[in-house]
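Trainee: I have a structure here, written as structure tokens, and I will follow up with some questions on it.
All of the numbers you see were taken from the coordinates with simple rules; none came from a lab. Because the structure is predicted, anything quoted here is derived from the model rather than measured. So basically every Cβ, Gly included, is an ideal-geometry build from the backbone, and we count neighbours across all protein chains shown.
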Amino acid sequence: MMDGGHRPPRLFTARFANKTLVDHPAAKVRITLGHPRFRLNYELAGKIPDLAPTREMFNKTEVDFTALYTALLIERGGIEHLTQRFASVTAAAGTDDLVLLCFERLTPPTPGVFCHRRVFAEWWTAATKQPVLELPEV
């Protein structure tokens, strides 16, 4: 339990185009530098720019990206700061669940394809022991 006994939000990840988001009860949150350039069939509850990578990180290998991105997360305030950001978004949205959204399609798995939402998820889980599941696609 964090913040005076309140349960931390459950975190999920997905790509913007995941069709299951239409009916999913979690608050949908953009964690990218840019907006989707296509129509979403659901409302975004907000954005958390602190989870977006920098442009300089694009086109890096997965190993280099992971090192740079996790260092950036720590530089931007780490677990404590992100916990506060998640709490403010969930409070505004009236839910305890968040889906962190970006663009990459990860299913089926493709060699060399990775994304920051899953790098974040692995980092967060390692640091907090709180799992961050990828929403399945239909």
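Trainee: I want to make sure I understand the PRE zone here: with the label point 7 angstrom from the Cα of Ala87 toward its beta carbon, which residues in the stretch 93-134 have backbone N atoms less than 19 Å away?
Mentor: It comes to 93-99, 124-125, 127-131, nothing else.
Trainee: The stretch 53-138: which trypsin sites (Lys or Arg not before Pro) are DSSP loop and have at most 16 other beta-carbon atoms within 10 angstrom?
Mentor: When the trypsin sites (Lys or Arg not before Pro) of the stretch 53-138 are filtered for loop state and at most 16 Cβ neighbours within 10 Å, Lys60, Arg76, Arg105, Lys129 remain.
Trainee: Sticking with this structure for a sec: Could you run the Karplus curve 6.51 cos²θ - 1.76 cosθ + 1.60 with θ = phi - 60° over the stretch 65-75 and give me ³J(HN,Hα) per residue in whole Hz, x for Gly and Pro?
Mentor: Working through the residues one at a time gives 4, 4, 5, 5, 5, 5, 5, 5, 4, 5, 4 Hz.
Trainee: Using modelled amide H (1.01 Å from N, peptide plane; none on Pro or chain starts), what sits under 5 Å from the amide H of Gly46, excluding residues fewer than 5 places away?
Mentor: Here the answer is Arg30, since their amide H atoms fall under 5 Å of that of Gly46.
Trainee: Apply the Karplus curve 6.51 cos²θ - 1.76 cosθ + 1.60, θ = phi - 60°, to the phi angles in the stretch 81-98 and return the couplings in whole Hz, x for Gly and Pro.
Mentor: Each residue of the stretch 81-98 in turn: 5, 5, 4, 5, 4, 4, 4, 5, 5, 5, 5, 5, 8, x, 9, 9, 10, 10 Hz.
Trainee: Near Lys28, which lysines are there with a Cα under 24 Å away, not counting those fewer than 8 places off in the same chain?
Mentor: Qualifying lysines at Cα under 24 Å: Lys19, Lys47, Lys129.
Trainee: Val99's amide H: which non-local residues (gap 5+, or another chain) put their own amide H closer than 5 Å, with H modeled 1.01 Å from N in plane and none for Pro or chain starts?
Mentor: Phe12, Ala27, Lys28, Val29
Trainee: Something else about it: Let me check against my output: what whole-number percent is the relative contact order of the chain, with C-alpha pairs under 8 Å and at least 6 apart? Each step should come with its number before you reach the end.
Mentor: Numbers: 181 pairs, mean separation 56.5, N = 138.
Reported as a whole number, the value is 41 percent.
Trainee: How many nm separate the modelled label positions at His35 and Lys19, each set 7 Å beyond the Cα in the direction of the Cβ?
Mentor: 2.6 nm
Trainee: If each DSSP helix of 4+ residues adds -39,500 (n - 2.57) and the sum is divided by the residues in the chain, what number results at 222 nm, nearest 500 deg cm²/dmol?
Mentor: Rounded to the nearest 500, it is -10000 deg cm²/dmol.
Trainee: Now for a separate question. Write out the chymotrypsin sites (Phe, Trp or Tyr not before Pro) in the stretch 61-112 meeting two conditions: DSSP loop, and at most 16 other Cβ atoms within 10 Å of their Cβ.
Mentor: In loop regions of the stretch 61-112 (DSSP not H, G, I, E or B), the sparsely surrounded chymotrypsin sites (Phe, Trp or Tyr not before Pro) are Phe103.
Trainee: Set Lys and Arg Cβ to +1 and Asp and Glu Cβ to -1, take the dipole of the chain about its Cα centre, and tell me which of Thr83, Cys102, Leu73 lies farthest positive.
Mentor: Ranked along the dipole, the leading option is Cys102.
Trainee: Moving on to the next point. Within a 10 angstrom radius of the beta carbon, how do Asp96, Asp23 rank from fewest other beta carbons to most? Write down the numbers at each step before the final one.
Mentor: Working: Asp96 17, Asp23 8.
Listing Asp96, Asp23 from fewest to most nearby Cβ atoms yields Asp23, Asp96.
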